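Have a look at the structure below, then the notes.
The values are calculated or read from the model by the stated rules, or taken from the named source; none is laboratory data. All of these numbers come straight from a predicted model, not from anything done at the bench. Cβ placement follows ideal geometry from the backbone for every residue including glycine, while neighbour counts extend to all protein chains displayed. With ligands, DNA and RNA removed, areas are computed over all heavy atoms of the protein, side chains included. Shrake-Rupley method; radii C 1.70, N 1.55, O 1.52, S 1.80 Å.
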Amino acid sequence: ARAGLPTEWSAFRRLYSGIRRAGFYFSNGELEPNLAAVAAPLQKSDGSVLGALSLVTTVQRMSVIDLPKLTQLLVRAAKDITVRIP
């Protein structure tokens, strides 16, 4: 709750459903005030999630990164990794 995440199950499911649809998640100081991250799932063809590929840096450094480009590269890399997992 302190990080601004939902505390009720229905709201939690809506949030994570949106993340699943987007194919990535961006966190900017939510859990740690000075850290930002972008993550993309390592997802099998059946939709199950094996893990995630993420980049974590400081909020300050993330503010000067081309976030759309970084997200695109990270999502592509996660897909490339996933196809190699049996």
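Please work out if L74 is touching a Lys or Arg at 6+ places or on another chain (Cβ under 7 Å) and either under 21 Å from G29 (Cβ atoms) or not polar (S, T, N, Q) (or both).
In short, no.
What do you reckon, is T82 out of contact with any Ser or Thr (no Cβ under 9 Å at 6 or more places or on another chain) and hydroxyl-bearing (S, T, Y)?
no
In the range 34-49, how many residues are touching a residue at least 24 places away in the same chain (Cβ under 8 Å) and open to solvent by 70 Å² or more (accessible area, probe 1.4 Å)?
Total meeting the criteria: 3.
Tell me yes or no: at least one residue of the range 50-70 is within 11 Å of the chain's Cα centre (by Cα), surrounded by 14 or more Cβ atoms within 10 Å (Cβ to Cβ) and in contact (Cβ under 8 Å) with a residue 40 or more places away in the chain.
Within the range 50-70, not a single residue is within 11 Å of the chain's Cα centre (by Cα), surrounded by 14 or more Cβ atoms within 10 Å (Cβ to Cβ) and in contact (Cβ under 8 Å) with a residue 40 or more places away in the chain.
Find the residue count for the range 1-30, including only residues that are more than 13 Å from the chain's Cα centre (by Cα), exposed (fewer than 13 other Cβ atoms within 10 Å of the Cβ) and either not in a loop (DSSP other than H, G, I, E, B) or not small (G, A, S) (or both).
Qualifying residue count, the range 1-30: 10.
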